[in-house]
Amino acid sequence: MILIKVTSDVTVIGGGPAGLAAGISAKESGAEKVIIIDRNNWIGGILPQCIHDGFGIEATGLSQTGPEYINEYIKKARNLGITLLIETMVLNFNNKLEIISASKKGLLKIKSKSIILAMGCREKTRGNLIIPGDRPSGIYTAGLAQALINLYNIMPGKNIVILGSGDVGLIMARRLKIEGANILGVIEILPYPNGLPRNVVQCLKDYNIPLFLNHTITSIEGKDRLKKITIAKVDKNKKPILGTEKTIKCDTLLLSVGLIPENEISSDAGIIIDSSTGGPIVNQDYRTTIPGIYACGNCLQVYDTVDLLSIHAKIAGRQSAINTLKENNNNINYADKKIIVKPGNGIKHIIPQQINITGMINFSIRVDEPKNSTKISFKLNKNEIFIKNLKYLNPASIINVKVKIPKFSKNNILEVSLNE
Amino acid sequence: MNEETNITCILCPIGCEIRINKKELFIIDGAKCEKGIEYSKNEVFNPKRILTTSILVKNGILPLLSVKTSKPIPKEKIFKILKIIKRTSVNAPVEMGEIIIQNVLGTGSDIIATKTIKKFETS
Ligand SMILES: Cc1cc2nc3c(=O)[nH]c(=O)nc-3n(C[C@H](O)[C@H](O)[C@H](O)COP(=O)(O)OP(=O)(O)OC[C@H]3O[C@@H](n4cnc5c(N)ncnc54)[C@H](O)[C@@H]3O)c2cc1C
Ligand code: SF4
């Protein structure tokens, strides 16, 4: 096997919307040599298969389809002279910022001044859930079904049930209905839909597709191909209620039960992962626990829309470029000055998890459950430094809060919580 | 009788459930801001959607071309327009933004390509 050795200023792992936004921003902020690596035989990540519109609304006011949205980024990256390496899979990297990847030409070793992680996420499968019953064919993740139909013109089935009301599942309900399938229902264990209201209305209500809230699947039957499933209502503890079972004859079940940030190679390198986001712990610059390595996109946290994802990815890109311009890069060590951010009551997760500077900091926060009205409070070493009324919170959308961090000395804890 | 209907506002992630009188278009309750009032009136009076789907491509490197309506179309015409799209096919190469069907079903909206698909070259 040939080993090709290369050096780079900023190397981005993953060529989806996050990797492109970060790479472009790094280049525009002064990084000379920028490389974006992707294992697929295209650049753009998941977006070429997302042919529905709804991308870029918040940023530009225009609702574009996935392929249109990403096309502008790809053009810009090419015009800026960013190197786009496709069909190249990163196998590992280390804290000396050396990346090893495999391509058709051989192994590639890149020594970089900064690395940006932008590997996206993958879908939870049946293995991540516990559904009793047979193991027939006809069970797919919603994203796989999306690729089959939108890229390869393959219909996953005719009579379809969808488990989970996340955005990917809702969009697939409409897509398959348009292609002539019967969508027998979307089953959601929570008392509220998990996706954006826009998708609940335009994907389910528009097409009279039933949504079963507070329901789960209790069994799956079928020898070779899926034949039927049983659903039941759940109680407050999400346990099926006896006597509420209903069987639905179907040949296909799509799972849309959540996304997991892709971080195997990050943890292998020794980057510390936050168990609540599933992504690397980062500071205000989106720098991970290894100096010189930054994270953005769905491998940092699962975003609802591509707009906020791009804004954050651009910050990560700019910071990675600043890092390459420093004389003694990789040596900025914040260890002696830090605030640890802790999610308190009502908060599912919060980013950044660490702060090393004073001044205005942008936090992105996901709450536990829907709330009409509540107060969010930031307490630095038990002293309240910020409080704000928030209205109509929904776990389906990340909230942004700007807080001014005062001067601080050594070890500090910032607790963020909701109080009614 | 039954002149009342519920509209979910989609303009922001709050998703207000707005009760509206269908006939006289007045809001009963549920809108948390002005934008929702305008939206729910339009939704009752003239609901429109951008339609996205795909069309078969011949000789392309991919079997399908993704397309959309250039403007929102009346909701009740979705399935009629889909029928027309299903009967259509195109030849590669196709450029993003190319018009595939002009003024579809007299709606004033065109069906346009949202992807570029190159010709499949046998070498
Ligand atoms: C199946 C699915 C469907 C989705 N559908 C929608 C939707 O319809 N609408 C919507 O708004 N959002 C959707 N999302 C969310 C959407 O993914 C995000 O908005 C956005 O695409 C995430 O961008 P990203 O760049 O972080 O990740 P991605 O777009 O997933 O890009 C990550 C890239 O990293 C590459 N990669 C990963 N590991 C390696 C490695 N080791 N070496 C080399 N390359 C690597 C992958 O091949 C991929 O191209 C969907 C997500 C998924 C998983
Ligand atoms: S009415 Fe206003 S607050 Fe309610 S969903 Fe619509 S835009 Fe949001």
Residues being within 7 Å of another protein chain (Cβ to nearest Cβ) and more than 13 Å from A:ASP206 (Cβ to Cβ) - total across the stretch B:53-77:
7
Go over the candidates A:ILE116, A:ILE110 one by one and state the one that is outside any helix (DSSP H, G or I), under 23 Å from the mean Cα position of the chain (by Cα) and buried (at least 21 other Cβ atoms within 10 Å of the Cβ).
A:ILE116
Filtered residues of the stretch B:13-31 (kept if part of a loop (DSSP other than H, G, I, E, B) and either away from ligand 2 (no atom under 15 Å from the Cβ) or at the interface with another protein chain (Cβ under 8 Å from one of its Cβ atoms) (or both))
B:PRO13, B:ILE14, B:GLY15, B:LYS22, B:LYS23, B:GLU24, B:LEU25, B:PHE26
Here are some residues: A:ASN194, A:ASN199. Which one is within 16 Å of ligand 2 (Cβ to nearest atom) and either outside the structural domain of A:ILE51 (by TED's automatic domain parsing) or assigned to a strand (DSSP E or B) (or both)?
A:ASN199
Please enumerate the residues belonging to the stretch A:50-88 that are away from ligand 1 (no atom under 11 Å from the Cβ) and of a type in the set (A, V, I, L, M, F, W, C).
A:ALA59, A:LEU62, A:ILE74, A:ALA77, A:LEU80, A:ILE82, A:LEU84
Just to be sure before I move on: is A:GLY143 at positive phi and near ligand 1 (Cβ under 10 Å from one of its atoms) in the structure I sent?
no
Which of (1) among the β-branched types (Val, Ile, Thr); (2) surrounded by fewer than 21 Cβ atoms within 10 Å (Cβ to Cβ); (3) more than 20 Å from A:ALA313 (Cα to Cα) does A:ILE46 not meet, given it meets every other one?
(3)
Would you please name the residue that is farthest from ligand 1 (Cβ to nearest atom), looking only at residues in the stretch A:11-49 that are within 14 Å of chain B (Cβ to nearest Cβ) and outside any loop (DSSP other than H, G, I, E, B)?
A:PRO48
Looking at the stretch A:16-28, is at least one residue of a type in the set (Ser, Thr, Tyr) and touching a Phe, Trp or Tyr at 6+ places or on another chain (Cβ under 9 Å)?
no
How many residues, within the stretch A:171-181, are within 12 Å of chain B (Cβ to nearest Cβ) and over 17 Å from the mean Cα position of the chain (by Cα)?
7
If I ask for residues that are assigned to a loop (DSSP other than H, G, I, E, B) and either hydrophobic (A, V, I, L, M, F, W, C) or within 19 Å of A:SER310 (Cα to Cα) (or both), which ones from the stretch A:346-363 would you list?
A:PRO352, A:ILE357
Inspect all residues belonging to the stretch A:182-193 and state whether any of them is among the charged types (D, E, K, R) and touching a Gly at 6+ places or on another chain (Cβ under 7 Å).
yes
Among what's in the stretch A:391-418 and is in a strand (DSSP E or B) and among the hydroxyl-bearing types (Ser, Thr, Tyr), pick the residue that is nearest to A:THR305 (Cα to Cα).
A:TYR392
Taking the stretch A:364-390 as the search range and keeping residues that are part of a loop (DSSP other than H, G, I, E, B) and more than 14 Å from chain B (Cβ to nearest Cβ), which one is surrounded by the fewest Cβ atoms within 10 Å (Cβ to Cβ)?
A:LYS382
Where A:ILE189 falls short, out of the listed (1) in the same structural domain as A:VAL90 (by TED's automatic domain parsing); (2) buried (at least 16 other Cβ atoms within 10 Å of the Cβ); (3) part of a loop (DSSP other than H, G, I, E, B):
(1)
Kindly list the number of the only condition in (1) within 14 Å of chain B (Cβ to nearest Cβ); (2) under 26 Å from A:ASN237 (Cβ atoms); (3) modelled with pLDDT of 95 or more that fails for A:TYR192.
(3)
Out of A:ILE361, A:ILE387, A:ILE413, A:ILE405, which single residue is without any contact (Cβ under 8 Å) to a residue 24 or more places away in the chain, more than 30 Å from A:ASN199 (Cα to Cα) and not charged (D, E, K, R)?
A:ILE387
Per-region count, the stretch B:32-73, residues within 16 Å of ligand 2 (Cβ to nearest atom) and touching a Leu at 6+ places or on another chain (Cβ under 6 Å)
3
Tally the residues that are more than 7 Å from ligand 1 (Cβ to nearest atom) and over 19 Å from A:LEU20 (Cβ atoms), restricting the search to the stretch A:108-124.
5
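Listed here are the residues, each with its yes/no results for (1) assigned by TED's automatic domain parsing to the domain that holds A:ALA316; (2) of a type in the set (Phe, Trp, Tyr).
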position	(1), (2)
A:LYS75	yes, no
A:PHE93	yes, yes
A:SER103	yes, no
A:ARG135	no, no
Being charged (D, E, K, R) and assigned to a strand (DSSP E or B) is true for just one of A:LYS205, A:LYS223, A:LYS233. Which residue is that?
A:LYS233
Go through (1) more than 16 Å from ligand 2 (Cβ to nearest atom); (2) modelled with pLDDT under 95 one by one and return the number of the condition A:ALA142 breaks.
(2)
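The values are calculated or read from the model by the stated rules, or taken from the named source; none is laboratory data. Model, not experiment: these values are computed from the prediction. Don't worry about glycine lacking a Cβ; one is built from the backbone with ideal geometry, like all the others, and counts go over all protein chains shown.
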